[in-house]
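The block underneath contains the structure these notes are about, expressed in structure tokens.
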There are 2 protein chains.
Amino acid sequence: MKFGFIGFGEVSHTLSNILLSYGFELMTSTEGRSKKTKELVKSLDIKVLDSFEEVASQSDILISANSPQSALAVALKYGSLTDGLFLDFNNISPNTAKQIENYIGDEHFIDSAIMGKVKSDELNLYFSGRKANEFVENMRNFIKDNDFPGVKVNIKVVSDEVGDVSKLKTLRSSYTKGVSALLVETFETAEKLGLSEDLWEILALTENRDFESSAKSRISSSYRASKRKYEELNEVLEFLDGVDKKRKSKIMALATREKFEKLKNRKN
Amino acid sequence: MKFGFIGFGEVSHTLSNILLSYGFELMTSTEGRSKKTKELVKSLDIKVLDSFEEVASQSDILISANSPQSALAVALKYGSLTDGLFLDFNNISPNTAKQIENYIGDEHFIDSAIMGKVKSDELNLYFSGRKANEFVENMRNFIKDNDFPGVKVNIKVVSDEVGDVSKLKTLRSSYTKGVSALLVETFETAEKLGLSEDLWEILALTENRDFESSAKSRISSSYRASKRKYEELNEVLEFLDGVDKKRKSKIMALATREKFEKLKNRKN
């Protein structure tokens, strides 16, 4: 099996390291990419082709890992050039996943995601779609056991429905961003009262052991990426509208979006 | 030092067990109390007086642990009858704490709370007020070390300001109830989509190890006690209004209240 990558950021880098260790043949193109990406690709044992069209047509498995914004365009442009499978890892909305499936067909498209941290000692790969089971079985024939050094790879097929992985990713995002918004709000008030140190201590008593460090990283990423989080909440809400029109089923998600909107505007 | 209890529920029971093991003399009254409370008190080595007035006037330390609703009335009725200290453990609002202080004086009143679980192997006692440090030092002279069997007792004086412990308790409540509201909302949507089992699995990957059990207990208590949680959010918001009038500083708290209001109304 030959794997092709469209886009070569953190996700592609992590996946390619694992696939190389299993002995798969990998290819990509650096057509129009940054110097940094070119150097990264050159440092790995990956075939570099002249164009992404060639990558797509020569791959058995084509992996798209760019950004949610470019995911649909990439799928429309390259997805139908492969005879094999097209895997989208872009954190797309369930709606976008359906559009891609309609365009390139359910015999080619697998809704894919890394759940949790991309760089960690455990990598959790989730797939859904008509061909997801077959693909994963196929992979398991190549990979005798999870023997990638230092990383435990967990693979799960959620269902044969394209969209289920995107839905799970969206629900997860809605929850974790809500927690971030709560943390920002609660600690801004504590700060005004001069009680933030005591509050950290008190919440750590009943939340988990590494609560403070994980919560602080959520707070700083909320300030840093408030615009992106606000946009993601727009997608979350569009999706939730499709599940249930009633306001009461999305009170917290609406508040989370409003919170990130205010954070975003404050920065400008 | 003689300790008196007004109210004898879970908090008083836990505190009395610890105080008895340290050899302190305890008293309470069962005047007008339930059969269950009478039996509980009878089973412990606690002096039972005819009235709470007597309890108050004979105590060096008077502990009020009833309910947030009755806290102010109890303080007004019995707080000034003691020559010693009056400790309120009722999860009162910062505003109520100030009212009690104004009435019985800062030389008598200590804002007190158990942070975290009341029944656990670790008990965290927080105090604030002008006399808090003196009280805690005094206690430490009686208690050579934390030798209550099976329970680690942590004692902390936050500041010499009555209200600081109540503020911390309120901020904690605002955060944890927000998380509960988020959990309820997210999992109701996941349930509609038939994806709740997968979502539990995915959130457990990146949240803490016992995420699922703690989150499930938050969800069930949200449904069970939605009315009480809604009322507590009213107090939280009243407090937050005093800190900052702007809506943007309490977006998540407003949403949390709205969420519990809907849950409460659904039950009726």
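The values are calculated or read from the model by the stated rules, or taken from the named source; none is laboratory data. Since the model is a prediction, treat every value here as computed from it, not as a measurement. Cβ placement follows ideal geometry from the backbone for every residue including glycine, while neighbour counts extend to all protein chains displayed. Protein only, heavy atoms only, side chains kept; ligands, DNA and RNA dropped before computing areas. Shrake-Rupley method; radii C 1.70, N 1.55, O 1.52, S 1.80 Å.
The figures follow:
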read-out: Selected residue (criterion: surrounded by the fewest Cβ atoms within 10 Å (Cβ to Cβ)) from residues of the range A:46-63 that are without any contact (Cβ under 8 Å) to a residue 40 or more places away in the chain and of a type in the set (S, T, Y); value: A:S51
read-out: Members of the range A:231-263 that are open to solvent by 30 Å² or more (accessible area, probe 1.4 Å), within 13 Å of chain B (Cβ to nearest Cβ), part of a helix (DSSP H, G or I) and not small (G, A, S); value: A:D241, A:V243, A:R247, A:K248, A:L254, A:R257, A:E258, A:E261, A:K262
read-out: Residue check, B:S222 open to solvent by 30 Å² or more (accessible area, probe 1.4 Å), assigned to a helix (DSSP H, G or I) and closer than 22 Å to B:T186 by Cα; value: no
read-out: Some residue of the range A:112-127 being among the β-branched types (V, I, T) and in contact with a Ser or Thr (Cβ under 8 Å, 6 or more places away or on another chain); value: yes
read-out: Single residue of the range A:64-77 satisfying the filter (under 23 Å from A:S174 (Cβ atoms) and among the polar types (S, T, N, Q)) that is most open to solvent (accessible area, probe 1.4 Å); value: A:Q69
read-out: Top-ranked residue in the range B:221-251 [being free of Cβ contacts under 8 Å to residues at least 40 places away in the same chain and among the acidic types (D, E); ranked as farthest from A:E258 (Cα to Cα)]; value: B:E231
read-out: Strands (runs of 3 or more DSSP E) contained in the range A:84-143 and holding at least 2 residues open to solvent by 10 Å² or more (accessible area, probe 1.4 Å); value: A:122-128
read-out: Any chance A:S80 is open to solvent by 60 Å² or more (accessible area, probe 1.4 Å) and either at pLDDT below 95 or of a type in the set (V, I, T) (or both); value: yes
read-out: Filter result for the condition that a residue is of a type in the set (V, I, T) and in contact with an Asp or Glu (Cβ under 9 Å, 6 or more places away or on another chain), over B:I92, B:I18; value: B:I92
read-out: Selected residue [within 12 Å of the chain's Cα centre (by Cα), away from chain B (no Cβ under 14 Å) and in contact (Cβ under 8 Å) with a residue 12 or more places away in the chain] from A:N91, A:N124, A:N66; value: A:N66
read-out: Qualifying positions in the range B:160-219 - touching a residue at least 24 places away in the same chain (Cβ under 8 Å), of a type in the set (S, T, Y), surrounded by fewer than 24 Cβ atoms within 10 Å (Cβ to Cβ) and facing chain A (nearest Cβ under 9 Å); value: B:T176
read-out: The range B:21-36, residues that are assigned to a helix (DSSP H, G or I) and open to solvent by 80 Å² or more (accessible area, probe 1.4 Å); value: B:K35, B:K36
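Yes/no matrix, rows are residues, columns are (1) outside any loop (DSSP other than H, G, I, E, B); (2) not hydrophobic (A, V, I, L, M, F, W, C):
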{"site": "B:H13", "(1), (2)": "yes, yes"}
{"site": "B:K38", "(1), (2)": "yes, yes"}
{"site": "B:V41", "(1), (2)": "yes, no"}
{"site": "B:D45", "(1), (2)": "no, yes"}
